[in-house]
Every structure is written in C-alpha cells, then in structure tokens.
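Presented below is the structure to which this report refers.
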Ligand SMILES: [Zn+2]
C-alpha cells in the first residue's frame, strides 16, 4: 500500500456483518430512524470503504479517486447508483432475514444492476478452469459492479439461518450470527449500541 494512498483503511468499526455485501448495506446506519447516518458522503468515501472492506486494492481505489476528481458528474452519478444498489440490497436481504420473499419490483431493479455487473466482467481461463474477472478496474461503477456480483453469489446460498436483522428497529443493520444457533439479537455496531441510531428496544 502506498503511504500516500487516499484510500487507506479508515475504519473497521462498521464491518460487523461477517460479509462485505452486508457491510455495504450497513454503510447507512439508522435505516428505520428519522435521521439515518450515511458513511458514503462522496465518491472518496465509497472508494475508502471498498478498501476497508477488502473489495478493492488500495492502488486501484486510488486510481478511481483520481478519476472521480476529474469526472465529477460521472462520479456523483456512480455514487447515487451505488446508494440505490445499497437500498435494494437492504430490502432484499431484510426479506431473506425475515423469511419473506423479496418484492418483484426490488428483484427487477436488482436484475438491472446484475446485467450491468455482468457486462463489466469477462471470462478468463486460469490453469484448468474459468474465472469471472472484472474487464477493467477503471470504471467508476466498478465498486457497485463487484458488490452486485458478490451479492448474487450470496443470494444463491439463501436462506441462511445465520442472517439476522438487528433487533433495534431503528438500526436496520444486517449481519451473520456466528452459528445457526447463536443468540445475537443486535448487530454490535457502535452507533447502534451507543443509541445514536435510536433506542434499543
Ligand atoms: Zn443494530
């Protein structure tokens, strides 16, 4: 990692979910509260989060940040799109956590992200098998594309009995419990436990 990296890890406190796709939905705290706290203030925040969560290499994220500074409108659009993806993923995984079926509209909207993510990947022969790899890491939508790809993989394994929605109604964070039998009613997020996203009921 470069010492001058714009995208050095900035916080591990929000990574409590046990999977980076769920951690991505948890970049908004207080889904059910009147004043949610959004960690994704700007494109740099998104790039920094992607490094923190292990989605992007720091040097690649630095390139995205540089590109975002030159293409501010495209970066703003990519951030808006990533936030929309986050909302969709929160809806879908909340449904999974509650043992419900995701809504048709949400799945249809998510499918549009999936099609974009597929278009951003290519098939590469590696040794004795095929791997799905990003076609390029320089697209400003690549972070959302990687999350979408991994979200589909995660959804294919559902229902997972370990997937939980925080028992704090205001919080809305999603996480995997340590084991199927684990009693873990709350997400363990700092804002949630400190009561900064509503009171734990
Ligand atoms: Zn919580």
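The values are calculated or read from the model by the stated rules, or taken from the named source; none is laboratory data. Note that the coordinates shown come from a computational prediction; the quantities given were computed from them, not determined experimentally. So basically every Cβ, Gly included, is an ideal-geometry build from the backbone, and we count neighbours across all protein chains shown.
Comparison of 18, 32 shows that the only residue that is at positive phi, modelled with pLDDT under 95 and either surrounded by fewer than 20 Cβ atoms within 10 Å (Cβ to Cβ) or over 13 Å from the mean Cα position of the chain (by Cα) (or both) is 18. Among the residues of region 79-115, which ones are within 20 Å of residue 187 (Cα to Cα) and in a helix (DSSP H, G or I)? Result: 86, 87, 88, 89, 90, 91, 92, 93, 94, 95, 96, 97.
For region 134-177, the set of residues classified as within 13 Å of the ligand (Cβ to nearest atom) and outside any loop (DSSP other than H, G, I, E, B) consists of 164, 165, 174, 175, listed by residue number.
State which residue is modelled with the lowest pLDDT when the search covers only region 192-201 and only residues that are out of contact with any strand residue (DSSP E or B) (no Cβ under 9 Å at 6 or more places or on another chain) and more than 10 Å from the ligand (Cβ to nearest atom). Only one residue tops the list, namely 201.
Here residue 38 meets the list (1) closer than 24 Å to residue 153 by Cβ; (2) surrounded by fewer than 15 Cβ atoms within 10 Å (Cβ to Cβ); (3) touching a strand residue (DSSP E or B) at 6+ places or on another chain (Cβ under 6 Å) almost entirely, failing just condition (1). Scan region 184-191 and give yes if some residue there is more than 16 Å from the ligand (Cβ to nearest atom), under 16 Å from the mean Cα position of the chain (by Cα) and within 30 Å of residue 75 (Cβ to Cβ), otherwise no. No, there is no match, as no residue in region 184-191 is more than 16 Å from the ligand (Cβ to nearest atom), under 16 Å from the mean Cα position of the chain (by Cα) and within 30 Å of residue 75 (Cβ to Cβ). In this structure, residue 79 does not qualify as within 14 Å of the chain's Cα centre (by Cα), closer than 17 Å to residue 155 by Cβ and buried (at least 21 other Cβ atoms within 10 Å of the Cβ). On inspection, residue 161 passes the criterion of being within 17 Å of residue 95 (Cα to Cα), more than 17 Å from the chain's Cα centre (by Cα) and either surrounded by fewer than 16 Cβ atoms within 10 Å (Cβ to Cβ) or at pLDDT 90 or above (or both).
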